[in-house]
1. How large is the dipole of region 1-127 about the Cα centre if only Lys and Arg carry +1 and Asp and Glu carry -1, each at its Cβ, rounded to the nearest 20 debye?
2. Between region 2-80 and region 93-110, what is the separation of their alpha carbon centroids in Å?
3. Under a plain spin-label model, where a point goes 7 Å from the Cα along Cα-to-Cβ, how far apart in nm are ASP101 and GLN125?
4. What is the packing order of peptides 58-68, 115-125, taking the mean over residues of other C-beta atoms within 10 Å and listing the highest first?
5. Where does the chain land on the Kirkwood hydrodynamic radius, alpha-carbon pairs, in angstrom?
6. Sort 90-97, 21-28 by the packing proxy (mean of other Cβ within 10 Å over each peptide's residues), most packed first.
7. So what's the projected area for region 53-111, the Cα convex hull averaged over all directions, in nm²?
8. Within the chain, what percent of beta bridges assigned by DSSP are antiparallel, to the nearest 5?
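All of the numbers you see were taken from the coordinates with simple rules; none came from a lab. Note that the structure is predicted; figures quoted are calculated from it, not measured. Cβ coordinates were reconstructed from backbone atoms using ideal geometry, including for glycine residues, and neighbour counts include every protein chain displayed.
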Amino acid sequence: MIRDPHDILRDVFGHAEFRGEQEEVVRHVTGGGDAVVLFPTGAGKSVCYQVPALCRPGVAIIVSPLIALMRDQVEALRQSGVSAAALNSSLTSDEARTVRDQLHSGDLKLLYVAPERLNTAGFQQMLQDITISLFAIDEAHCVSQWGHDFRPEYRELSAIAENFPGVPRIALTATADPTTRADII
């Protein structure tokens, strides 16, 4: 069952209304659509994937380039009562096993990973048995600006569409000139 985005926004995040174009994006992704979101810093990009993740059944896989960003997002979500985790290289083997167990048992609503982890065959295989609500690619400008040299794994994220057909994808950034937007799309 898909929950109403306004209820999630109010009950989980404590906001009475969406800002700007958030509601249009949230409803589109909640309904199963893909989106590229270009909002300025501070405009609430994370709401555009967090609310649909909580509305839709399954776990959202959030691709994030930095462990510090993952930690901040996970901590803020947990403080709001949301079951979220990150699976990254900063975890001990026991911590990573706990996150994988939570993922398999359906206890997580949002899981943050680096593009390098998402692109591994083992992680892709693990996701085949999981209900995925959506894929979010945060800091999506990395597809263009870093993807060619610094983080080539961002370029490989296009495989999400073939490996997980029908699962909504949302790419978000505050930084994208016309060339970068075309690369993201």
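1. Values: 12 positive and 15 negative charges, 30 e Å.
Magnitude of the dipole: close to 140 debye.
2. 21
3. Distance between the two pseudo-spin positions: 2.2 nm.
4. On the way: 58-68: 20.5, 115-125: 15.0.
Going by the mean number of other Cβ atoms within 10 Å, highest first, we get 58-68, 115-125.
5. On the way: mean 1/r = 0.0606 Å⁻¹.
Its Kirkwood hydrodynamic radius stands at 16.5 Å.
6. On the way: 90-97: 11.2, 21-28: 18.4.
In decreasing order of mean packing, 90-97, 21-28 become 21-28, 90-97.
7. On the way: hull surface 15.8 nm².
Result: a mean projected hull area of 3.9 nm².
8. Details: 0 of 20 bridges.
Given both bridge residues lie in the chain, the antiparallel proportion sits at roughly 0 percent.
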